Structures are given as C-alpha cells and as structure tokens.
Ligand code: WQD
C-alpha cells in the first residue's frame with residue numbers, strides 16, 4: 001500500500017531534498033507547490049535522482065478548495081509542511097504577505113488534516129523562535145522562546161502555537177515541530193540544491209555566488225562580537241541530514257497515537273562566519289573576496305542546538321560535516337553556472 005506523504009513546498013530547498021529522502025525510505029511523496037518561490041528546474045533534478053518524476057500537484061497551499069481536492073484525491077499517511085515565505089529581511093518590509101501566507105497556509109493544512117483524519121504532521125519551524133536567547137548559546141527545546149526579530153520569525157513562533165492549540169483540541173493527532181538551525185549544502189549529485197531567488201540572504205549561497213563571480217564581494221557582518229574570532233556563530237546543518245530528520249520524524253509519529261513534540265534539528269556544534277569562509281577556501285581551493293563590514297540588524301551573536309532530544313527521540317543525528325557542505329554547495333554553484341551558460 002502506498003504511504004502517501006503530502007509535502008507542501010516540496011519544490012523548495014529543504015522540501016526537494018526531503019522528497020528524495022522520503023522515496024529512499026519507502027514513502028510516496030506528493031509534491032505540492034505553486035512554484036511562486038521555487039524553480040521548476042527542481043522537477044528535472046528530482047526526476048534525475050529518483051529515476052521518475054515525483055507526483056506534483058500545482059496548488060497554492062492557501063487555496064481552500066484546491067487543497068481540499070488534494071486531500072480527497074490521496075489517502076495521506078502524513079504531511080510535511082514547508083510551504084512558506086522565509087526571507088527574514090523581506091518579511092520586515094512585507095509583514096502582511098508573510099502573516100497571510102505563512103499562517104493561512106498552516107491553518108488550511110491543519111483544517112484538512114482534521115477533516116480527513118490525517119494524523120501525522122511535521123512542521124518546518126526554525127531556531128529563530130529562540131530570538132536572542134539571553135546569553136544562552138546552546139539551546140535545548142526547553143530554552144524559553146523569545147520574541148523573534150522579524151515577522152518571518154513570528155510566523156514560526158505563532159505557527160508552533162497554532163499547532164499546540166490544535167493538538168489540545170484534537171489530542172489524537174500526532175504533531176511535531178522541527179526547529180531547523182542553518183541549512184547548508186546540496187545533494188551530492190548536484191541535481192538539486194539551493195535556488196536563492198534574487199540576491200541571496202544567507203551566508204552559504206552568498207559565499208558560493210561570490211566565489212563563482214556572480215557577486216563582487218562578501219561582507220562579513222561584524223567582527224566585534226564576543227566570540228572566538230569576533231564573528232557570529234551558528235549551527236550549520238547539511239540539508240541532506242536535515243531532510244532525513246523529517247523521515248525519522250514521520251516514522252516516530254506513525255508509531256504514536258496522540259503526541260506533540262518539538263525537536264531541535266542541528267549538528268550540536270557552532271561555527272563562526274570566518275570558520276565557514278576558511279573551510280570553503282581550504283576545501284575548494286577558491287579564494288574568496290570578502291571584507292568586514294558593520295553588524296547586521298537583528299543578528300544573534302551565537303546560537304547552536306543541543307541535539308540530544310533528536311538523538312534520543314528520533315534516533316537521528318547529523319552525519320555530514322561543514323567540509324561536506326562547502327564542497328556540495330560549491331559543486332552545486334558550479335553546476336548552476338554551467339546550466340546558465342547553455
Ligand atoms: C548566518 C551568519 C550573518 C550573510 C536565517 C534565518 C533562520 C534560517 C536561516 C529560515 C550571520 C552572517 C550572512 C552575509 C554575513 N532561515 N552573514 N554576510 O541569519 O543565522 O538565519 O537563515 O528558517 O530562520 O533567521 O542565517 O545565513 O543570514 O547568516 O556575514 O552576506 O552569516 O551575520 O552571522 P541566519 P544567515
């Protein structure tokens with residue numbers, strides 16, 4: 001019997017890697033995306049890796065009628081909900097777009113799960129819900145959430161609350177928040193990877209686009225933080241490890257009746273901006289044009305996961321390293337450049 005999993009935002013960076021991991025582990029992902037924030041070339045990449053095109057439903061996750069028809073069409077074992085806007089800076093200028101899409105999309109998914117008795121949900125949350133964790137660097141799931149510094153962060157913060165309140169009202173559901181740290185890297189095949197639309201916001205695509213010549217110079221946002229080398233520290237997790245964490249989460253939920261869990265998905269180690277730059281240059285042999293600049297508003301000095309719960313509850317831990325991530329990210333960037341030259 002097909003184990004159908006609805007993957008909303010399945011053409012996105014983490015979504016597409018999760019589609020691969022689901023197929024590799026015996027599930028049948030239904031890739032829901034309206035491609036407003038994803039490149040259709042992802043479908044070719046997934047077809048190359050999987051040997052066949054995944055089932056795609058081109059639906060806006062906020063479209064009540066459209067999503068209801070998807071739930072009528074497939075008998076889902078579970079849902080992994082990625083579909084959301086995710087640019088921190090953009091959300092400050094366009095809060096209504098973020099609140100409307102990110103919250104209404106989640107509410108639409110949950111309403112259909114209740115209506116169609118689909119029990120298992122994995123929600124794409126983020127370490128951003130910890131905000132600036134008041135001097136705490138290594139955060140556990142019990143570390144108090146602080147108000148995030150952006151509307152994007154608030155959509156994750158409120159999203160978790162919506163899920164918790166839904167669980168209280170429907171305690172037979174199995175609902176899980178996965179709080180991602182900083183996803184980096186790409187699939188080894190270079191068939192899929194991160195497609196930043198426009199100028200990248202995040203460090204790794206900024207590094208690879210600078211190295212390939214698409215961008216002139218990387219600015220390191222601040223070198224006067226109270227850290228080992230003055231630059232901010234984050235927990236950079238390879239996207240392939242992150243994808244597999246969703247499979248482990250689903251497998252856990254399938255074995256339970258009535259559970260609500262929140263789990264950090266990170267490596268458990270912090271790396272500074274300079275350490276990432278140095279790893280990139282030493283692993284790829286590419287010299288990077290960078291310079292220190294001013295701090296970026298809203299940046300947290302240092303945050304990384306305590307990843308114990310993921311290991312104990314899900315039996316998951318990260319396996320790939322920063323070296324793997326910089327090599328895979330660079331190979332992906334070179335692949336994109338080759339494709340653009342064709
Ligand atoms: C990482 C570090 C920057 C770019 C955000 C979201 C989080 C998640 C991941 C979605 C910081 C520094 C960056 C540059 C730099 N997204 N940097 N120069 O801000 O930790 O997290 O993306 O869920 O929710 O908040 O990631 O990659 O933007 O920054 O120096 O050009 O790299 O200052 O210290 P961030 P990031």
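Some points to look at:
- Out of 12, 78, 89, 93, one residue alone is surrounded by fewer than 18 Cβ atoms within 10 Å (Cβ to Cβ) and at pLDDT 95 or above. It is 93.
- Residue count, the stretch 155-178 (criterion: under 16 Å from the mean Cα position of the chain (by Cα) and either more than 16 Å from the ligand (Cβ to nearest atom) or part of a helix (DSSP H, G or I) (or both)): 6
- Filter pass, residue 183 being within 15 Å of the ligand (Cβ to nearest atom) and in a strand (DSSP E or B): yes
- Options 248, 217, 269, 255: the member that is more than 13 Å from the ligand (Cβ to nearest atom) and farther than 26 Å from residue 192 by Cβ: 255
- Comparison of 257, 297, 261 shows that the only residue that is in a loop (DSSP other than H, G, I, E, B) and under 30 Å from residue 170 (Cα atoms) is 257.
- Residue 263 being within 18 Å of the chain's Cα centre (by Cα) and at negative phi: yes
- Elements of type helices (runs of 4 or more DSSP H) in the stretch 1-77, at least 3 residues being closer than 13 Å to residue 191 by Cβ and in contact with a helix residue (DSSP H, G or I) (Cβ under 7 Å, 6 or more places away or on another chain): 13-24, 41-50
- Residue in the stretch 306-321 that is within 16 Å of the ligand (Cβ to nearest atom), surrounded by fewer than 23 Cβ atoms within 10 Å (Cβ to Cβ) and within 21 Å of residue 241 (Cβ to Cβ) present: no
- Scanning the stretch 125-154 for residues that are touching a strand residue (DSSP E or B) at 6+ places or on another chain (Cβ under 6 Å), assigned to a loop (DSSP other than H, G, I, E, B) and within 14 Å of the ligand (Cβ to nearest atom) yields 133, 137.
Matching residues to (1) out of contact with any strand residue (DSSP E or B) (no Cβ under 8 Å at 6 or more places or on another chain); (2) within 11 Å of the ligand (Cβ to nearest atom):
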{"position": "205", "(1), (2)": "yes, yes"}
{"position": "212", "(1), (2)": "yes, no"}
{"position": "223", "(1), (2)": "no, yes"}
{"position": "244", "(1), (2)": "yes, no"}
{"position": "276", "(1), (2)": "no, yes"}
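- Selection within the stretch 276-294: residues that are in a helix (DSSP H, G or I) and without any contact (Cβ under 8 Å) to a residue 12 or more places away in the chain. The member of this set that is surrounded by the fewest Cβ atoms within 10 Å (Cβ to Cβ) is 282.
- Check on residue 333, within 12 Å of the ligand (Cβ to nearest atom), part of a helix (DSSP H, G or I) and in contact (Cβ under 8 Å) with a residue 40 or more places away in the chain: no
- Check on residue 196, in a loop (DSSP other than H, G, I, E, B) and either under 29 Å from residue 159 (Cβ atoms) or away from the ligand (no atom under 12 Å from the Cβ) (or both): yes
The values are calculated or read from the model by the stated rules, or taken from the named source; none is laboratory data. As the structure is a computational prediction, the values presented were derived from the model and not from experiment. Note: ideal-geometry Cβ built from the backbone for every residue, glycine included; neighbour counts use all protein chains shown.
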